[in-house]
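Notes for the one structure printed next.
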Amino acid sequence: MAVGLLLSACNEKAASPAPPSAQMPVSVVSLRPQPVAITAELPGRVSASLVAEVRPQVNGIIKSRLFKEGGEVTAGTVLYEIDPASYQASYDSSAAALQKAEAAVPSAQAKLDRYRDLVRQSAVSKQDLDDAISALAQANADVASAKASLATAKINLDYTKVVAPIGGRIDKSSLTPGALVTASQTDALTTIRQLDPINVDITQSSTNLLKFRSALAEGRLKLSGPNVAVKLRLDTGTLYNQDGRFEFAEANVDQTTGTFTLRAEFPNPDRLLLPGMYARAILQEGIAENSYLVPQRAVGRNTKGEATAKFVNKDGKVEERVLVTRRTIGNNWLVDTGLSDGDRVIVEGGQLVRVGQTVTANEVTIDEASGELRPAAQRAAAETDTPGTVKN
């Protein structure tokens, strides 16, 4: 009887169900489709919007320099004065020649008028009248020639004052007063650069251009608008405080590097940007509609090198999916296929669970700046209490 009771107790113990095991908690983020701005950060060089090398147009001795080296000048400002003595004398001579030519015109005109009356009376021959007409035409031609010579002399006299062709920052002077200069010499007297606005020449690869156009053709990307905004990251890593605008793209690709040049224009009122500086331009290429941003911390790689992530399905079980990632956006991967609205991706605890396991999913959000996980309810309450907060 004792043995029977013992066996019956063992059978009852074996038949009793095992206590349910505790479900592993994991942190998940719910994914929502959204339009994502696609940007590209490209290397570039700052260049002046206008550059003018100042050279003399006449020969002579520099009499004076009238600008401060390294300062700002405006268009039309006199920079150098070349000794004008010989050019002033040439101008005066041309002015006197014009007066002499003009003085001969009234006499020739009067002679022609008299000969016309005398021809009617047959007092002079027709040949004499033709000579009078020719003499008046010659006198008028002499006046025109003298006026042209006077204009040339005036131009050369004005060229003795070397003026700034554009406004901007002026470099140092290559010559000092007393130096001899020649017309259109090879060496520039100085150089002026317009720094506001200023250009940034950006280098883009032809491969990226083809990918961009393919995305447009397939509908994965649409243009953000006719006016493309450009931001600038300086060599120190900080963002420039002025936004620029896209100007144009070259129509040819460099055969050596396989790149082409884009140009953006930036305001530069404080002259912070100087020609030759290195910078990185951030261009908004377009908008990817109905895309998903998957946190990078949730994405791993399988043995084939494919991007994978673990999700919690509607039944509370873990499943793993292969993702097709396009690029990084901040701390996220951009994914535009293979996901649905409301999918819950595991961002913490994924290493401790296996596919098919039932888990407890705790909804969280990720601070994009610090990467810190926060309960979704806590963030919603904070956004409700804080006026003016824009929800992501």
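Remarks
- Angle between the chain longest axis and helix 2-15 axis [Cα atoms, degrees, rounded to 10]: 20 degrees
- P(r) tail fraction, region 174-322 - alpha-carbon pairs more than 20 Å apart, %: 69 percent
- Within region 289-360, all pairs of alpha-carbon atoms sorted by distance into 5 Å bins from zero give the percentages 3, 16, 29, 26, 17, 7, 1.
- Close amide-amide hydrogen proximity is noted between GLN57 and SER184, each under 5 Å apart and 5 or more residues distant or on a separate chain (H modeled in the peptide plane; Pro and chain starts excluded).
- Above-threshold pairs, the threshold being 30 Å between Cα atoms, out of LYS211/LYS304; LYS100/LYS154; LYS172/LYS231; LYS68/LYS154: LYS172/LYS231
- Cα centroid separation, region 233-255 to region 92-131 (Å): 70 Å
- When the chain is described by a simple charge dipole with +1 on each Lys and Arg Cβ and -1 on each Asp and Glu Cβ, the residue from MET24, GLY237, ASN362 located farthest towards its positive end is MET24.
- Exposure proxy for LYS100, LYS111, LYS314, LYS211: other Cβ atoms within 10 Å of each Cβ, ordered fewest to most, give LYS314, LYS100, LYS211, LYS111.
- In degrees, nearest ten, helix 85-120 long axis to first principal axis of the chain (Cα): 60 degrees
- Using the average count of surrounding beta-carbon atoms within 10 Å as a protection proxy, the listed peptides 301-307, 71-77, 275-281 rank, highest first, as 275-281, 71-77, 301-307.
- Peptides ranked, highest mean first, by Cβ atoms within 10 Å: ranges 116-122, 104-110: 104-110, 116-122
- Charged side chains reduced to their Cβ positions (Lys and Arg at +1, Asp and Glu at -1) give the chain a dipole of some 520 debye around its Cα centre.
- Estimated dipole of region 84-158 in Debye, rounded to 20 [Cβ of Lys and Arg +1, of Asp and Glu -1, Cα centre]: 140 debye
- Rounded tilt (10° steps) of 376-385 against the dominant C-alpha axis of the chain: 50 degrees
- Projecting the Cα atoms of ALA144, ALA96, VAL124 onto the charge dipole of region 84-158, computed from C-beta unit charges around the Cα centre, puts VAL124 farthest toward the positive end.
- Option label - semi-axes √(5λ) of the Cα gyration tensor in Å computed here, alternatives (1) 90, 25, 17; (2) 35, 22, 21; (3) 38, 30, 25: (1)
- Range of Cα positions in region 84-158 per principal axis (Å), largest first: 57, 13, 12
Just so you know, all these numbers are worked out from the coordinates, no wet-lab data involved. In this text the structure is predicted, and so the values were computed from the model without any measurement. Using ideal geometry, Cβ is built from the backbone for each residue, glycine included, and neighbour counts are taken over all protein chains shown.
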